[in-house]
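Reading through the structure tokens given below for one structure.
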Amino acid sequence: GTAWLLSEFRHTFAGCVKFFFQHAEEELGGGMEFMEAGVMENPRVDGVMALHALPDIYVGEIGVRDDFMTAGVDLLKVTVEGKQAHGGYPHYGVDTILAASSIVTALQSLGSRELAPTDCAFVTFGRIEGGISNSYIGGPVHLEGCIRYLRKTTQELFHRRVREIAESVGKGLRANVSVEITPEMIPTSVDKKWVNRIRKVCEKIDSVERVVDLPSPAMGGEDYAYFLEKVPGVLFRLGVRTKGGPHCPTHSINFYVDDEAVPIGMEVLAAAALDALGED
């Protein structure tokens with residue numbers, strides 16, 4: 001839609017607007033693969049823009065922030081191994097489910113007790129698998145989750161402390177614990193000049209009722225961050241909630257986009273592109 005809109009005004013501007021149709025945005029990895037494929041060259045890209053639907057704000061509203069928009073995400077796998085025994089004689093074994101549960105609980109204190117209240121990071125476990133039967137203990141337990149953070153120093157702290165806490169809890173309960181951490185996405189940090197460009201063009205777009213200063217970053221991840229690592233740019237939020245309608249969060253079965261939001265997003269992107277080309 002934005003490409004069509006700009007093509008209608010092609011005679012009014014010089015320069016080039018490049019559109020990225022990126023794969024694997026939800027499966028992850030597509031942004032980095034784009035960088036490795038050289039999409040920022042031939043022609044060289046000087047700035048980037050993207051939008052993301054946000055059901056927290058209404059149609060006609062555009063959400064912006066001057067610093068972090070989304071979190072960095074590292075994948076986390078913890079394996080707990082013990083010694084099998086009958087449930088009636090637990091003293092002969094090492095209870096891996098108890099150890100794994102204790103690790104999950106212990107790691108929840110990282111964000112609240114080892115970070116300044118002005119920072120944000122946490123560990124989330126979304127999968128736990130293990131056990132033998134209802135009458136036995138000690139089979140391997142596998143935990144899968146993620147670390148979400150905003151700052152590099154916080155990422156480094158969590159990498160170190162997650163290992164220390166998980167291994168120490170396991171040792172205290174006589175279990176063997178291994179921890180695997182895989183960096184997945186970096187934080188999305190926007191350029192203030194480009195954020196102000198969005199603010200400026202929105203003032204001239206009738207369908208934009210107001211620009212909302214978002215109070216905090218989203219702690220989900222965006223591999224669009226790899227584009228912003230290369231050149232300055234912006235990620236803004238497009239309000240998609242129907243006025244008077246219910247709040248249906250993203251990634252839920254009830255998520256809904258009001259179709260009237262779509263042309264607003266097109267117009268903001270096109271206007272910002274024209275503004276950037278006019279400046280250059």
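The values are calculated or read from the model by the stated rules, or taken from the named source; none is laboratory data. Just so we're clear, the structure is a prediction, and the values are computed from it rather than from any experiment. A quick note on method: Cβ atoms are made from the backbone with ideal geometry, for glycine too, and the neighbour counts reach across all protein chains shown.
Number of residues in region 199-227 that are over 23 Å from Gly60 (Cα atoms) and within 10 Å of the chain's Cα centre (by Cα): the value is 7. Looking at the structure I just gave you, is Asp66 assigned by TED's automatic domain parsing to the domain that holds Ser207, within 30 Å of Arg210 (Cα to Cα) and assigned to a loop (DSSP other than H, G, I, E, B)? It is true that Asp66 is assigned by TED's automatic domain parsing to the domain that holds Ser207, within 30 Å of Arg210 (Cα to Cα) and assigned to a loop (DSSP other than H, G, I, E, B).
Selection over region 53-64 of residues that are over 21 Å from the mean Cα position of the chain (by Cα) and surrounded by fewer than 20 Cβ atoms within 10 Å (Cβ to Cβ) gives a count of 2. For region 134-161, a residue qualifies if it is free of Cβ contacts under 8 Å to residues at least 60 places away in the same chain and closer than 19 Å to Ala175 by Cβ, and the qualifying residues are Tyr136, Ile137, Gly138, Gly139, Arg161.
Here is a yes/no grid of residues against (1) over 30 Å from Glu229 (Cβ atoms); (2) in the same structural domain as Glu33 (by TED's automatic domain parsing); (3) in contact with a helix residue (DSSP H, G or I) (Cβ under 9 Å, 6 or more places away or on another chain):
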{"site": "Ala99", "(1), (2), (3)": "yes, no, yes"}
{"site": "Ile103", "(1), (2), (3)": "yes, no, yes"}
{"site": "Ser109", "(1), (2), (3)": "yes, no, yes"}
{"site": "Thr118", "(1), (2), (3)": "no, no, no"}
{"site": "Ser133", "(1), (2), (3)": "yes, no, no"}
{"site": "Gly138", "(1), (2), (3)": "yes, no, yes"}
{"site": "Gly145", "(1), (2), (3)": "no, no, yes"}
{"site": "Thr153", "(1), (2), (3)": "no, no, no"}
{"site": "Leu157", "(1), (2), (3)": "no, no, yes"}
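The set of residues in region 14-52 being in contact with a Gly (Cβ under 7 Å, 6 or more places away or on another chain) and assigned to a loop (DSSP other than H, G, I, E, B) consists of Gln22, His23, Ala24, Gly47.
Take the conditions in a loop (DSSP other than H, G, I, E, B) and in contact (Cβ under 8 Å) with a residue 40 or more places away in the chain and apply them to Gly244. Does it pass? Taking the combined requirement at face value, the residue does not satisfy it. The sole residue among Ala37, Ala50 that is of a type outside the set (Val, Ile, Thr), at pLDDT 90 or above and surrounded by 15 or more Cβ atoms within 10 Å (Cβ to Cβ) is Ala50. Do the conditions hold for Leu75, that is, is it surrounded by fewer than 19 Cβ atoms within 10 Å (Cβ to Cβ), of a type outside the set (S, T, N, Q) and in contact (Cβ under 8 Å) with a residue 60 or more places away in the chain? So Leu75 passes the test. Give the residues of region 100-128 that are among the hydrophobic types (A, V, I, L, M, F, W, C) and surrounded by fewer than 17 Cβ atoms within 10 Å (Cβ to Cβ), sorted by residue number. Residues satisfying the conditions are Ala106, Ala116, Phe125.
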